[in-house]
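Data block below; observations after.
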Amino acid sequence: MLDKKIADLLNDQINKELYSAYLYLDFADYYADEGLDGFAHWYEVQAQEERDHAFMMRRYLLNNGVKVELKEIAGPDKTFKNHLAPLEAGYAHEQYVTSLITAIYHEAFGQKDYKTMQFLDWFIKEQGEEETNAEDMIKKMKLFGGDAKGLYALNRELAGRVYAPSATGPAM
Ligand code: FEO
């Protein structure tokens, strides 16, 4: 059985992960509307990964006898002034999510809940990768996105992202 505070934080994190999926779908819709199907595809894949994160947390809670409480998901309300804006919003969002995961880890550490720490190890690593990806996209957009040819090539590159459900998920 998990400590109530840790269980509540993880339960809230399910909502944050589902919101992340929602947010990235919103980005995908924006890019699709702009005719940038590669960018749209990249964020569709990202949304699928975020949904997976929520499912992993739900499973962890269920495995530990915690009753999951699914809460209302806020609607993204972003309007973007240019093609760079969602990339920057995505990076800021991932930094925020990292801070949330870190806070849960901190609580687990304080309570010597080694099991939850082990579970969260996977997410700490994942957040590191996601922040790097988000930062790389901003760099590439600034370098190449300014002219039509560069934007076309970048769009094609992003279209190649493959959704691969994580074979090695977190320790349950
Ligand atoms: Fe699952 Fe990128 O937070």
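The values are calculated or read from the model by the stated rules, or taken from the named source; none is laboratory data. Treat the numbers as computed from the prediction; the structure is a model and nothing was measured. With ideal geometry, Cβ positions are generated from the backbone for all residues, glycine too; neighbour counts draw on all protein chains shown. Heavy atoms of the whole protein, side chains included, go into the accessibility calculation; ligands, DNA and RNA do not. Shrake-Rupley method; radii C 1.70, N 1.55, O 1.52, S 1.80 Å.
Built from the Cα atoms of region 107-172, the convex hull projects on average onto 5.8 nm², one quarter of its surface area.
Sorting the segments 127-136, 84-93 by their residues' average number of neighbouring beta-carbon atoms within 10 angstrom, most packed first, yields 84-93, 127-136.
Protein heavy-atom surface of the chain, 1.4 angstrom probe: 55% of the accessible area is carbon and sulfur, with nucleic acids and ligands not counted. Once every Cα of the chain carries one equal point scatterer and solvent is ignored, give the base-10 log of I(q)/I(0) from the Debye formula at q = 0.15, 0.20 Å⁻¹, two decimals. Values, matching the q order: -0.84, -1.30. Which trypsin sites (Lys or Arg not before Pro) from region 102-135 combine a DSSP loop assignment with at most 13 other Cβ atoms within 10 Å? When the trypsin sites (Lys or Arg not before Pro) of region 102-135 are filtered for loop state and at most 13 Cβ neighbours within 10 Å, Lys112 remain. Using the 1.4 Å probe convention, the accessible area of region 1-97 works out to 50 Å² per residue with neighbouring protein chains retained. Rolling a 1.4 Å probe over the protein chains gives Ile73 an accessible area of about 60 Å². Counting only alpha carbon atoms, the long axis of helix 148-158 and the longest principal axis of the chain meet at about 30°.
With R₀ set to 41 Å, the beta-carbon distance separating Phe144 from Lys112 gives a calculated FRET efficiency near 0.25.
Is there a pair in Lys16/Lys142; Lys5/Lys71; Lys16/Lys125; Lys16/Lys149; Lys5/Lys115 whose C-alpha atoms are over 25 Å apart, and which pairs would that be? Long pairs (Cα-Cα over 25 Å): Lys16/Lys142; Lys16/Lys149. I want to make sure I understand the PRE zone here: with the label point 7 angstrom from the Cα of Glu88 toward its beta carbon, which residues in region 11-33 have backbone N atoms less than 16 Å away? From region 11-33, the list is empty.
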